[in-house]
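Structure record follows, encoded as structure tokens.
The values are calculated or read from the model by the stated rules, or taken from the named source; none is laboratory data. A quick note: this is a predicted structure, and the numbers were derived from the prediction, not measured. For neighbour counting, all protein chains shown are included, and Cβ atoms are generated from backbone atoms with ideal geometry for every residue, glycine included.
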Amino acid sequence: MMGTPNENAATSYSAVEGNANTHDSCVDGAWYEIRVKGHLGREWADWFEGLEFKPFEDGQMLLTGRIVDQAALIGVLTRLNRLNLALLSVRSLGE
């Protein structure tokens with residue numbers, strides 16, 4: 001487990017200051033949901049370029065947001081791997 005786990009599944013946060021929901025702020029790319037085993041603290045939000053983090057009590061975390069292209073998606077997945085977070089699923093939500 002990395003950072004401070006948040007036990008409240010209703011709380012989520014984003015790297016975008018003051019905006020937990022960034023759906024209207026991006027123009028390019030596609031929306032993704034990435035589910036991992038483990039939690040990250042808020043201090044990691046900037047490293048994930050605006051993705052919203054939503055930790056769950058069961059030890060999983062959901063990252064949601066627009067990713068501009070496949071190279072950026074691989075970059076996010078690589079960061080998660082380097083933090084030893086087990087990848088559970090990646091789901092494209094479309095454009």
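For the condition outside any strand (DSSP E or B) and either more than 10 Å from the chain's Cα centre (by Cα) or modelled with pLDDT of 95 or more (or both), what is the one hit in Leu93, Leu73? Give the derivation first.
Working: Leu93 fails: outside any strand (DSSP E or B).
The match here is Leu73.
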Filter segment 41-54 for residues that are in a loop (DSSP other than H, G, I, E, B) and within 22 Å of Asp28 (Cα to Cα) and give the result. Glu49, Gly50, Leu51
Go through segment 60-70 and give me each residue that's without any contact (Cβ under 8 Å) to a residue 40 or more places away in the chain and not in a strand (DSSP E or B). Gln70
Could you tell me how many of the residues in segment 55-95 are in contact with a Leu (Cβ under 8 Å, 6 or more places away or on another chain), under 23 Å from Asp28 (Cβ atoms) and not β-branched (Val, Ile, Thr)? 4
For segment 65-95, give me each residue that is under 14 Å from Glu33 (Cβ atoms), small (Gly, Ala, Ser) and exposed (fewer than 15 other Cβ atoms within 10 Å of the Cβ). Ser89, Ser92, Gly94
